[in-house]
Amino acid sequence: MRILLVEDMSELSEAILERFRAEGHAIDLENDGAEAEALLRHAGFDLVILDINLPTMNGYEVLRAMRARGDRTPVLVLTARSEIDDRIVGLDVGADDYMVKPFDFRELSARCRALVRRRTGEASNVFTQGDFEFDRGARRALLGGVDLELRQREVQVLELFLGHLGRVLTKDEVADRIYTFDEAPSLNAVEQTITRLRKKLEGSPLQIRTIRGLGYIASIVEA
Ligand code: CA
């Protein structure tokens, strides 16, 4: 998942970054409301974790601006108990979920997964097709019961393709979803990751084809 965290409390943001990176997600941090809003205008994320009390522009305003321009990216709001108001409880600010600080990090990551899953229409954390199985929570893929031992990037790419079956993804789109801003994505590296993943997926029902000049398309092939 490509995630944007908007949070100005550095102790908390560091802990969240660490947790999500360890889980193999690409997560960027913004600690200013207006800057986050500007960033969200031109960068695509799978999920936004948004604090309410922020410098220059509060979380409600950031969220309102997103929804006003038709951005439907799932948003999970973080709030202090003292800031919680009816708008959050009713979620009528356009948020998809909220958590009250302090919270359990495992719960935060579980709720984030659920939001992204809901968005892509998947019913469970485990994708199963024939003898192929991918567990989004455990970040693990099995073929005929054997662990494919995917690297972190390969897991990210696999997750991305499973969420976009039958749709062409350009190399740039893949890079955008698996690298943070600090990582300076290289299209060459994307290509290599996909080549390695494809090799590991040999014999599985998931096929990633190259569409020359366009990008890649993943589909399920019946055995
Ligand atoms: Ca804050």
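Points to keep in mind about this one:
Yes/no matrix, rows are residues, columns are (1) away from the ligand (no atom under 16 Å from the Cβ); (2) surrounded by 18 or more Cβ atoms within 10 Å (Cβ to Cβ):
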residue: LEU4; (1), (2): no, yes
residue: SER13; (1), (2): no, yes
residue: ILE16; (1), (2): no, yes
residue: ARG21; (1), (2): yes, no
residue: ASN31; (1), (2): no, no
residue: HIS42; (1), (2): yes, no
residue: LEU50; (1), (2): no, yes
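- Conditions (1) crowded, with 18+ Cβ neighbours inside 10 Å; (2) at positive phi; number of the one not met by GLY213: (1)
- Among the residues making up region 169-223, those that are over 19 Å from the mean Cα position of the chain (by Cα) and among the basic types (Lys, Arg) are ARG196, ARG198, LYS199, LYS200, ARG209, ARG212.
- Tally of residues being free of Cβ contacts under 8 Å to residues at least 60 places away in the same chain and over 20 Å from ALA114 (Cβ atoms) across region 22-50: 14
- Count of region 52-69 residues which are open to solvent by less than 20 Å² (accessible area, probe 1.4 Å) and either over 23 Å from the mean Cα position of the chain (by Cα) or away from the ligand (no atom under 16 Å from the Cβ) (or both): 1
- Residue in region 75-92 that is modelled with the lowest pLDDT, counting only those that are away from the ligand (no atom under 16 Å from the Cβ) and either in contact with a Lys or Arg (Cβ under 9 Å, 6 or more places away or on another chain) or not aliphatic (A, V, I, L, M) (or both): GLY90
- Flag if SER204 is outside any strand (DSSP E or B), farther than 26 Å from ILE27 by Cβ and open to solvent by less than 60 Å² (accessible area, probe 1.4 Å): yes
- A count restricted to region 146-190 and to residues that are outside any loop (DSSP other than H, G, I, E, B) and open to solvent by 70 Å² or more (accessible area, probe 1.4 Å) stands at 10.
- Residue pairs meeting the criteria (Cβ under 8 Å; at least 6 apart or on separate chains; first polar (S, T, N, Q), in region 207-223; second at pLDDT 90 or above and open to solvent by less than 30 Å² (accessible area, probe 1.4 Å)): GLN207/LEU201; GLN207/ALA218; THR210/TYR216; SER219/LEU206
- Check on ARG72, more than 16 Å from the ligand (Cβ to nearest atom) and surrounded by fewer than 16 Cβ atoms within 10 Å (Cβ to Cβ): yes
- Candidates are the residues of region 99-145 that are among the aromatic types (Phe, Trp, Tyr) and outside any helix (DSSP H, G or I); the one that is surrounded by the most Cβ atoms within 10 Å (Cβ to Cβ) is PHE134.
The values are calculated or read from the model by the stated rules, or taken from the named source; none is laboratory data. Predicted model only: the values in this text are computed from it and were never measured. Here Cβ is always computed from backbone atoms with ideal geometry, including for glycine, and neighbour counts include all displayed protein chains. We work out accessible area using only protein heavy atoms, side chains counted, and drop any ligands, DNA or RNA first. Shrake-Rupley method; radii C 1.70, N 1.55, O 1.52, S 1.80 Å.
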